[in-house]
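J.: Okay, here's the structure, questions in a sec.
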Amino acid sequence: MNEMPHIDKAAEMTDSKISAKQVQVFYGDIHAIKDVDIEINPRSVTSFIGPSGCGKSTFLRCLNRMNDTIDVCRVEGTILIDSEDIYDPKVDPVQLRAKVGMVFQKPNPFPKSIYDNIAYGPRIHGLAANKTAMDEIVTSSLQRAGLWEEVKDRLSEPGTGLSGGQQQRLCIARAIAVNPEVILMDEPCSALDPIATAKVEELIDELRENFTIVIVTHSMQQAARVSQRTAFFHLGILVEEGPTQDIFTNPTDKRTQDYITGRFG
Amino acid sequence: MPLFWLVLIVLAIASAGYVLGRSRALASAGGDRSILHSLPSYYGANAALKSAVPAFLLMIAWLLAQPFFIDNQISGMIPEATIDESSSLGLVMAEVRRTAEGLDNAVAEGSMSEEFARNARADIVDITQRLKDAGQIVTSDITQPVMRAAQRYRVLSAAGGFYMTLVVLATAVAGALWGIREATAGFRARNVVEQGVLAILVAAASIAILTTIGIVLSLVFNTAEFFGLYPAFDFFTGLTWAPSFSGRGGSSELGIIPLLWGTFYISIVALAVAVPIGLFAAIYLAEYAGPKIRAIAKPLLEVLAGIPTIVYGLFALLTVGPLLVSVFGDDGLGVMQAGTAVMTAGLVMGIMLIPFVSSLSDDIINAVPQAMRDGSYGLGATKSETVKQVILPAALPGIVGAILLAASRAIGETMIVVLGAGAAARLSLNPFEAMTTVTAKIVSQLTGDADFASPEALVAFALGMTLFVVTLGLNIVALYIVRKYREQYD
């Protein structure tokens, strides 16, 4: 395992890694997210659950300013990562996204070789001084994503040729390669079969040692399996947030109870 | 009966078939629609289709066949001896038709009675004079055989028209009756109409394909005729293009190489202009421009594609040529002699191709899934990094296809090169010299008094065939690449 220097930095933080206060998101005239306050712990997995269209993915995309790429989208309120306001005009969203990586719902490897898929981010950010260093980054990223054994002999083949589960782990490896501190995952297993899902979940659990992970999921079982804290969103409102155990066994809000017992959603 | 009326009557019969078929079907169900297999309108449509489609098909076939039949009958009436050395049977037949038409018009105007026009023993001089008086175009003096043939022509076409009317109307009525008879509750009119619609669509598609085949065949036959008069080897390898219109073949040198060179040189200049500008415009429109700018800029850019190429030609001749001369001409760098040059035509053709490249590339870039962009932005890439390293590589096969399509357009372009490139067939590397292209030479070989039996005129078909093969090859490669690319994301 290649220990990254930023881990020591993160370890010093006793406070929450991400802190959102009174976040509002508007799509044109639609008020998609209302008054969300949440604290996300470092080096743990936090899951966002809720029915479709409740705003959990939208909120997730606020955390690395991916919503900036949508013209009509407007974000208000403050989101602090390491006590720094990420919507401050001084913050470069492009730099931010190197620090807050993202894995998407559908595996989206670039139409390049497996090697180039991983090397893409490090190349852009100049993380490798030479070819040897780049090889090292690619190898360690694939190892940490648990994909190395499966692809080590075919690094020059296109990433699109892998199976769905492998592609998703490739995308996770790609995100790890740029040394992020936070990894956002937007329903990373919804396009995968159960076996591939189990592998990705196992990987998420391992990555918790080094990264702060926020995962949006439709599967309550998945949230229960992988996350330490769970937040329940409903109609753009953060209804309830707490330790996963409590949310699933002893929810305080009636809506949460209805949702987790399958009465709606 | 004029054709127009016949068409109207057939349509009227079909409409009547529709109404009757519909009402008969309803009546057979006792007015209860739910008993019918299909909606009532399908029974009507069945009758209308059965009446109109065969009738019109028959009419078209008859109209196509009748002239051949009549020509066959008439041409026997013209003695070999009366055909001048300089003219041909075709020319005499044209005169026959003209005379017949003149007679028709004269009768219609009332300046000549029907009996008089039909009278075989009528005085020719008198008839010619009367036709001229009636304002009809009669070229030379009508000879006795031509007059006879013209009269026979009139009789045959009148009879043909009459029988055609009868047969077409009978078909329409029979079809309508058949359709009406079928209109009973259990009849699957909906399925039959579906078949009919399919047949019409297939027919439309076949007409397009058959026309293409016809064009190719006409090219092939004329090309073969040319190669009978001029050796194919000399044509494809000759380095000189020097047609001579005074002599008969022997003194002409018809080598295609200088023309192909001019074509490719101008096309390369054009692509060198169009590809970067078009591609950058497409990237701007697809990736950077907001929806408002895009809504205005894209149609504006595509207006360029709507400008007729002759206007581009004028632009080349009157604006770009003189402009280039003022910079590169004797007053400037001294490398350009006149306004018409490879550079002039190439630049203007490049401008013409910009919307071609940009519009296709824009579509292709937009077809790259948003997930690719998200993936790249999510790793902290900027827009231009994403475009350069993810979107363009993903879209590259499609863009190459677009460029090849633009290239085949450039190779086939005529008006701009006729006006902008000059007329000298020349093998040269200097882009400021006048050169000419295959298309421009096709124009110059066929305009004017060329004799269509001489190699100087027939060479145009060989040139056209060569051009056709080249552009077809480019198009096939382009379509293959575009299709292969499309499969990547579906």
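The values are calculated or read from the model by the stated rules, or taken from the named source; none is laboratory data. A quick note: this is a predicted structure, and the numbers were derived from the prediction, not measured. Don't worry about glycine lacking a Cβ; one is built from the backbone with ideal geometry, like all the others, and counts go over all protein chains shown. These accessible areas exclude ligands, DNA and RNA; they are computed on the full protein's heavy atoms, side chains included. Shrake-Rupley method; radii C 1.70, N 1.55, O 1.52, S 1.80 Å.
J.: How many residues does region A:138-162 hold that are open to solvent by 30 Å² or more (accessible area, probe 1.4 Å), within 14 Å of another protein chain (Cβ to nearest Cβ) and part of a helix (DSSP H, G or I)? Step through it out loud before you land on a result.
T.: Restricting attention to region A:138-162, the residues satisfying the condition of being open to solvent by 30 Å² or more (accessible area, probe 1.4 Å) are A:139, A:143, A:146, A:148-150, A:152-158, A:160-161.
Now drop any that are not within 14 Å of another protein chain (Cβ to nearest Cβ), which leaves A:158, A:160-161.
Of the ones still in play, those that are also part of a helix (DSSP H, G or I) are A:160-161.
Number of matching residues: 2.
J.: Assess whether B:Ala159 counts as being within 35 Å of the chain's Cα centre (by Cα), open to solvent by less than 60 Å² (accessible area, probe 1.4 Å), without any contact (Cβ under 8 Å) to a residue 40 or more places away in the chain and closer than 30 Å to B:Gln73 by Cβ.
T.: In short, yes.
J.: So the check is Cβ under 9 Å with 6+ separation or different chains; which pairs have a first residue in region B:293-322 that's on the phi > 0 side of the Ramachandran plot and a second one that's part of a helix (DSSP H, G or I) and among the aliphatic types (A, V, I, L, M)?
T.: Partner pairs satisfying both residue conditions: none exist.
J.: Follow-up question, since we're still on this one. Can you work out which of the residues in region B:366-420 that are closer than 25 Å to A:Glu181 by Cα and basic (Lys, Arg) is farthest from the other protein chains (Cβ to nearest Cβ)?
T.: B:Lys383
J.: Please note which helices (runs of 4 or more DSSP H) are completely contained in region B:216-333 and include at least 1 residues that are not assigned by TED's automatic domain parsing to the domain that holds B:Asp363.
T.: B:232-237
J.: Here's a follow-up. Which pairs have Cβ atoms under 9 Å, sit 6 or more apart or on different chains, and link a residue in region B:338-363 that is within 24 Å of B:Thr436 (Cα to Cα) and at pLDDT 90 or above to one that is among the polar types (S, T, N, Q) and assigned to a helix (DSSP H, G or I)?
T.: Sorted first by the residue in region B:338-363, then by its partner, the pairs are B:Gly346/B:Ser267; B:Val348/B:Thr319; B:Met349/B:Ser267; B:Met349/B:Thr309; B:Met352/B:Thr309.
J.: Name every residue in region A:126-137 that is within 14 Å of another protein chain (Cβ to nearest Cβ) and open to solvent by less than 50 Å² (accessible area, probe 1.4 Å), in order of residue number. Let's see the steps before the verdict.
T.: Narrowing region A:126-137 to residues within 14 Å of another protein chain (Cβ to nearest Cβ): A:126-127, A:137.
Passing the criteria: only A:Ile137.
J.: Filter region B:388-427 for residues that are over 29 Å from B:Gly346 (Cα atoms) and either crowded, with 20+ Cβ neighbours inside 10 Å or among the basic types (Lys, Arg) (or both); which is modelled with the lowest pLDDT? Spell out the reasoning first.
T.: Restricting attention to region B:388-427, the residues satisfying the condition of being over 29 Å from B:Gly346 (Cα atoms) are B:389-391, B:394.
Applying the additional criterion that residues be either crowded, with 20+ Cβ neighbours inside 10 Å or among the basic types (Lys, Arg) (or both) yields B:390-391, B:394.
Values: B:Val390: 90, B:Ile391: 91, B:Ala394: 86.
Ranking the qualifying residues of region B:388-427, first place goes to B:Ala394.
J.: Among the residues of region A:80-110, count how many are within 12 Å of chain B (Cβ to nearest Cβ) and open to solvent by 40 Å² or more (accessible area, probe 1.4 Å).
T.: Final tally of qualifying residues: 5.
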